[in-house]
Amino acid sequence: MQLVLQRLIDLVFLRYLLASVGALAVDVGCFLGLMAVGIAAAPASALGYTMGILAHWLLSSRAVFTGRVAGKGLARTRQKALFVVSALAGLALTTAIVAGSDIAGADPRIGKLAAIALSFALTWWLRNMVVFRVTG
C-alpha cells in the first residue's frame, strides 16, 4: 500500500512540476514585460506572480490534484481560499526576495530565480499537505 501511495505522490508531484512550469511562464513573462515598460522590480514581480496564481489554480485543480478537488459549495470555497493563502505565502516570499536583491544592488532577475525555487518548495508543501490533502 505504501508503494502505491508513493507512486501516486510521485505522479502528482510530476504533474505539479509541469503545472508550475506553465504558471511560471505566465509569471516571468509578465515580470519581464512589466519591467520592460518601466515598472519597478518588486511591483512587477508581485503582479507577475499574481497572474501566475490564476494560471496555477486552473492547472492544479484541473490537471494535478484532480481526485482531491473539493465538490461545489463551502468545501470548494474553503479549498480555493486555502489555495489563495498558499499563493500569498509564495507571493510574500517572492516579493521579499526580489526586493531584497534589488535593494542590495543585485540584478533583480537573479533574485527572481532564487525566489522561484524557494516559492515552489513552499507552495508545493502547502498545497500537497494542506490545500489538497488526502483525507480518509
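Structure above, values below:
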{"read-out": "For the chain: relative contact order, % (alpha-carbon pairs under 8 angstrom, 6 or more apart)", "value": "23"}
{"read-out": "Computed E for residue 129/residue 47 - FRET, C-beta separation, R0 30 angstrom, nearest 0.05", "value": "0.60"}
{"read-out": "Estimated vicinal HN-Hα couplings, Hz - segment 108-124 in sequence order (Karplus 6.51, -1.76, 1.60; Gly, Pro = x)", "value": "x, 5, 5, x, 4, 4, 5, 5, 4, 5, 5, 5, 4, 4, 5, 6, 4"}
{"read-out": "Vicinal HN-Hα couplings computed from phi for segment 50-61 (Karplus, 6.51 cos²θ - 1.76 cosθ + 1.60; Hz; Gly/Pro x)", "value": "4, 5, x, 4, 4, 4, 5, 4, 4, 6, 5, 6"}
{"read-out": "Farthest toward positive dipole pole in the chain [+1 Lys/Arg, -1 Asp/Glu at C-beta], among 2, 45, 108", "value": "2"}
{"read-out": "HN-Hα J in Hz across segment 68-79 - Karplus 6.51, -1.76, 1.60, θ = phi - 60°, x for Gly and Pro", "value": "10, 7, 5, x, 5, x, 4, 4, 5, 4, 4, 5"}
{"read-out": "More than 23 Å apart - percent of Cα-Cα pairs taken over the chain", "value": "36"}
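Rule-based calculations on the coordinates, nothing more; no lab input. From a predicted model like this one, the values you see are computed outputs, not experimental measurements. Heads up, the Cβs are rebuilt from the backbone with ideal geometry, glycines too, and the neighbour counts pull from every protein chain shown.
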